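Notes for the one structure printed next.
The values are calculated or read from the model by the stated rules, or taken from the named source; none is laboratory data. All values derive from a computational prediction rather than experimental measurement. Here the Cβ is made from the backbone with ideal geometry for all residues, glycine too, and neighbour counts use every protein chain on show. To get the accessible areas, we keep the full protein, side chains included, count just its heavy atoms, and leave off ligands, DNA and RNA. Shrake-Rupley method; radii C 1.70, N 1.55, O 1.52, S 1.80 Å.
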Amino acid sequence: MTHAPALLVIDMQNALAEIAHRAPETIAVIAGLRARARAAGVPVVTVQHHGPPGGQLAPGTDGWRIVPELAPRDGESVIAKTGADSFLDTRLDATLAALGVTELLVTGFATEICVDTTARQALSRRYDLVLVADGHTTSVRGAEGPYAEPDRSVAHHNEIFRHLDFPGRSIRVLPAAEVDFGAP
């Protein structure tokens, strides 16, 4: 099978960027990676969470919109989702199949929810995976709560994915600077 990557950008929406840890840095990393993907002819697929009416992520609201730095171009795929899994009840799998994608490079928000769930589902659906180590983030929170601090959560998930074993699947965790769209 031919190596055919796609860059997946999950939930990089205005309302979520407002609560994201290191939002400007993460947006810049994804924007740079996206520019390189486009230059290499690699498809960019944007996932956009659709929340309930009246909420911050209700379709059509400013909070629901993709951050301007990562707004999809005309003709690029945008996948609407309503849960943590970008594949569940969406067009994502069909879109990737139509593009001939064999490997997903996963970026976005939130590390331990939508990024983790979607990355694992990609593996279960037989896609190879690159988790972009510096291209995902989580919400801002302090050390006193029940959740791991943001930097620890991101590091933890990067390390977990370095040690996952899905037979027949390639799993890599790479910083954006080391991503080579031509390398299997």
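Which of the following values of percent of Cα pairs over 23 Å apart was calculated from the structure shown: [x] 47; [y] 42; [z] 36?
[z]
About the Cα centre of the range 66-115, how large is the charge dipole given +1 on each Lys and Arg Cβ and -1 on each Asp and Glu Cβ? Please answer in debye to the nearest 20. Don't skip to the end; give the middle numbers.
Details: 3 positive and 8 negative charges, 19 e Å.
About 100 debye.
Given 0.36 nm per residue, what is the gain on full extension from residue 177 to residue 71 after removing their alpha carbon distance, in nm?
Values: separation 106, 0.36 × 106 = 38.16 nm, distance 2.13 nm.
Extra length available between residue 177 and residue 71 comes to 36.0 nm.
As an exercise, identify the trypsin sites (Lys or Arg not before Pro) in the range 50-106 lying in DSSP coil whose Cβ has no more than 12 other Cβ atoms within 10 Å. Spell out each step's value before the answer.
On the way: sites: 65, 73, 81, 91; in loops: 65, 73, 91.
Passing sites in the range 50-106 are 73.
Which order do 87, 166 take when ranked by solvent-accessible area (1.4 Å probe, heavy atoms of all protein chains), largest first? Numbers along the way, then the final one.
Values: 87 10, 166 55 Å².
Descending accessible area places them as 166, 87.
Please tell me the relative contact order of the range 1-85 in percent, rounded to the nearest whole number, where contacts are Cα pairs under 8 Å and at least six residues apart. Write down the numbers at each step before the final one.
Details: 114 pairs, mean separation 31.6, N = 85.
Rounded, it is 37 percent for the range 1-85.
Please name which of 60, 71, 87 has its Cα lying farthest along the dipole of the range 51-128 towards the positive end, using unit charges on Cβ (Lys, Arg +1; Asp, Glu -1) and the Cα centre as origin.
The listed residue farthest towards the positive side: 87.
Run the helix sum for the chain: -39,500 (n - 2.57) per DSSP H stretch of 4+ residues, divided by residue count, reported at 222 nm to the nearest 500 deg cm²/dmol. Present the calculation step by step, with values, prior to reporting the outcome.
On the way: 5 runs with 52 residues, N = 184.
After summing the helix terms and dividing by the residues of the chain, the value is -8500 deg cm²/dmol.
Could you work out how far apart the two model spin labels at residue 166 and residue 99 are, taking each label as a point 7 Å from the Cα in the direction of the beta carbon, and quote it in nm?
Distance between the two pseudo-spin positions: 1.6 nm.
Between the range 124-148 and the range 1-78, how far is it from one alpha carbon centroid to the other, in angstrom?
With the range 124-148 and the range 1-78 each reduced to a Cα centre, they are spaced 15 Å.
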